[in-house]
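Colleague: I am attaching a structure below and will ask some questions about it afterwards.
What follows draws every value from the coordinates through simple rules; no lab data is involved. Every value quoted in this text rests on a predicted model; they were computed, and no experiment measured them. Don't worry about glycine lacking a Cβ; one is built from the backbone with ideal geometry, like all the others, and counts go over all protein chains shown.
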Amino acid sequence: MRFQRLINTRDLEFYRVIQNGDFEDVFGYLLIFDKRKPAVLRDFTVFFKSHMKEEVFAKSVKENHVYAMFFHFTDLEEESEIPKFTKVVRFIEDLLEFKPRISYYIDNFLIDQKLEFEFPHEYQKIGQFAELLVEISGRDIPVPKTTKQKYLYLSQ
């Protein structure tokens, strides 16, 4: 599994997750956003849907919350997909494990559209696709405009 970082800003990282070393064989897309403020119950989808009480949730709130969202094409509960998704989860854990004062929750979304752009000419399509994924997530996450010039540096 390879994680190709497509956007890197102060608060947002966006990856294309590739399997078998083939850029055409996309397993999904990972979008990570630093909220820069504590979580609210709604940030933890499963807890929110289970009608957890706010006062119970408030006891475990940390100083900052990070959204981790994985957009994929297959049912992650299928036996053949579990080992692949486990690699995505481990990647997220590796990114965030040395940050004890943050919380994060991994949401996943089934999608049917792939990012298509002509490298190195259509950088704007990267940001447009990330905006589409944010819209699917229902989160309020700003995505930067992506241009060829912005990819001159490590971060956009």
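Colleague: Compute the Rg/Rh shape ratio of region 1-107: radius of gyration over Kirkwood radius, all on alpha-carbon atoms.
Modeller: On the Cα set of region 1-107, Rg over Rh gives 1.00.
Colleague: Which links in 35/87; 84/114; 35/62; 99/145; 49/84 stretch past 21 Å when you go from one Cα to the other?
Modeller: Beyond 21 Å: 35/87; 99/145; 49/84.
Colleague: Which loop chymotrypsin sites (Phe, Trp or Tyr not before Pro) in region 77-106, with loop taken from DSSP, have no more than 11 other Cβ atoms within 10 angstrom of their Cβ?
Modeller: Within region 77-106, the qualifying chymotrypsin sites (Phe, Trp or Tyr not before Pro) (loop, at most 11 other Cβ atoms within 10 Å) are 98.
Colleague: With only alpha-carbon atoms counted, please give the Rg and Dmax of region 50-156, in Å.
Modeller: 16.9, 51
Colleague: Which of the GluC sites (Glu not before Pro) across region 1-81 are loop residues per DSSP, with 16 or fewer other Cβ within 10 Å?
Modeller: Numbers: sites: 13, 24, 54, 55, 63, 77, 78, 79, 81; in loops: 24, 63, 77, 78, 79, 81.
Taking region 1-81 and a limit of 16 other Cβ atoms within 10 Å, the loop GluC sites (Glu not before Pro) found are 24, 63, 77, 78, 79, 81.
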